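Below: the structure, in C-alpha cells.
The values are calculated or read from the model by the stated rules, or taken from the named source; none is laboratory data. Only a predicted model underlies this, so the values are computations on that prediction, with no experimental measurement involved. Neighbour counts are summed over all protein chains in view; Cβ atoms, including those assigned to glycine, are modelled from backbone coordinates with ideal geometry. These area figures cover heavy atoms from the full protein model, side chains too; ligands, DNA and RNA do not enter into them. Shrake-Rupley method; radii C 1.70, N 1.55, O 1.52, S 1.80 Å.
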Amino acid sequence: MTDHDELERVIETLKEPVNIDSSFDRRVMSAIGAPASPEGSGPEAAPPSLHGAAEPLPSARKSVWLSPRWTIRLSPLGGLLAAAAVAGIILATSSLTRRNESTEPVAALPELHESANATQFVLVAPEADSVLLVGDFNDWGLTTTRLARQPGDGVWFVTVVLPPGRYRYAFIVNGTTWRSNPATQVTEDEFGRPNSVVTVGGVI
Amino acid sequence: MKDENDDVLVRRVLAGETSAYAGLVERYRPHLGRYAFRMLGNQADAEDALQDTFIRGYRSLARCEPERFRSWLFGILVNRCRTYAAQRTKRQSVVTTDEWSVANSTRQQPVDDDGWRTAIGRALEELPAEQREAFLLKHVEDLSYEEMQELTGVRIPALKMRVFRAREALRRNLQENVVDRS
C-alpha cells in the first residue's frame, strides 16, 4: 500500500460517523430551558438577546468536588480531588444529565498528594463485556474501578490519579479472567495470578 | 423542521420559538460530534464540548448571521475543543492489548479493522493538538486553507506546515504500530 493509499484509508476511517447518545438533544434543550420537540410542553425560554443571557452558562460538569469532575468514563483532569469516603467510592453527577439518569461510580484516591499524576489504563479487549481495574491503589477492590468502553472498538479505559510510587495492578475481564500487561514488569500475587507493575512519577 | 434551512430556524429561535433550536441541534449533532470525538479522543469529553457548544450557540445566537450558522457554530466547537484539550493534564498511558480477546473476537468486522481504528485513534491522540486540529479540519472536514485561517486565526503557511507534519507523524506512527494480522 502506498503512502497515499494509507492516508486515504486513514481519512476514510476518520470520516466514519460517531455515535452520540440519543438523549443528547434532550439534554441540550433542557439546558437552554426549552422542550426537546416543538410539541413538547413547558414554558419557552427567553430568546437569546444581543447581550446574552443573564444567568451564567451552566457548567457541563457539576461535581460534588471542587475540582473538575472526572468519572470512570474518562474526563479531563484538573485540580485535586478531595479524600475518598469510607468505602472508597465517589459518586459524581452532572447538572446536564448524562446517558443514564443514575450516578456513576468513579475511582477514589486513598489520599491527596500535591504531585499526583494522572495515569490512564487501557485494555484492548473487543470480546469483553466488562473490565475492572484492581491494584494496590484501590486495595484490589473488585467493584471499585470499572473501565469504560470506547464506542466503535474494543478499547476500554479509565484514568486514575495516583501519587508517585510503584503499584501492582491487573485487569479483570468479565468478572473472572485476570489479565496482566506483558509489556511491563510482571509479578505474581499470593494466589499465583499475574500482576503488572506501574511506576508513577518515573519511567514505566 | 427537517426541511427548513438553517437561516429559517435561526430566525424562528430569535423570534422567540426556542423549540426550533432542537432542529439545529439534531441537524448538526452528528457532524460536530464526529469532529469533537476525533479531536478529543473520547466520548465523554466530546459530548461535553458538543453540549457546551450548542448552549453557547444558543446564548449568542443574536450575533450569528443566520445564513452562516453552520460555519459559525463550527467555529465555536473548534474553540471549545481547544479549551478542553488544553485543560487536560498530561497523563501517562498504560496500554495493554488482550491478545486472547482480540484473536477470539466474534465481531462481524474483521479483527484487523478494529486494530486499525484503535491504531488511528492512538496515533491521532499522540499528535500535538494544533497538528491534530489542522489535520482534521483539512482532511476530515475538507476545509480550504482560507476557511481554516478564518476559523483558527492561524496564517496559511503555518496551517500547511501543521498538516504536513501531522501527515508525516501519522504515517510513521501507523507504520510502526499497526499489527500485521495477515
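Quick look at the values:
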{"quantity": "Enumeration of residues in region B:134-180 that are within 19 Å of A:R9 (Cβ to Cβ), assigned to a helix (DSSP H, G or I) and not aliphatic (A, V, I, L, M)", "calculated": "B:F135, B:K138, B:H139, B:F164, B:R167, B:E168, B:R171, B:R172, B:N173, B:Q175, B:E176, B:N177"}
{"quantity": "Residue match in region B:75-94 (condition: in a strand (DSSP E or B) and open to solvent by 60 Å² or more (accessible area, probe 1.4 Å))", "calculated": "yes"}
{"quantity": "Any hit, region B:40-58, residues being assigned to a helix (DSSP H, G or I), free of Cβ contacts under 8 Å to residues at least 24 places away in the same chain, among the small types (G, A, S) and in contact with a Ser or Thr (Cβ under 9 Å, 6 or more places away or on another chain)", "calculated": "yes"}
{"quantity": "Condition check for B:R38: more than 7 Å from chain A (Cβ to nearest Cβ), open to solvent by 30 Å² or more (accessible area, probe 1.4 Å) and touching a helix residue (DSSP H, G or I) at 6+ places or on another chain (Cβ under 6 Å)", "calculated": "no"}
{"quantity": "Number of positions in region A:2-36 that are more than 7 Å from chain B (Cβ to nearest Cβ) and over 21 Å from B:I55 (Cα atoms)", "calculated": "7"}
{"quantity": "Extreme residue, nearest to B:E47 (Cα to Cα), among residues of region A:10-21 that are in contact with a Leu (Cβ under 9 Å, 6 or more places away or on another chain) and at pLDDT 85 or above", "calculated": "A:L14"}
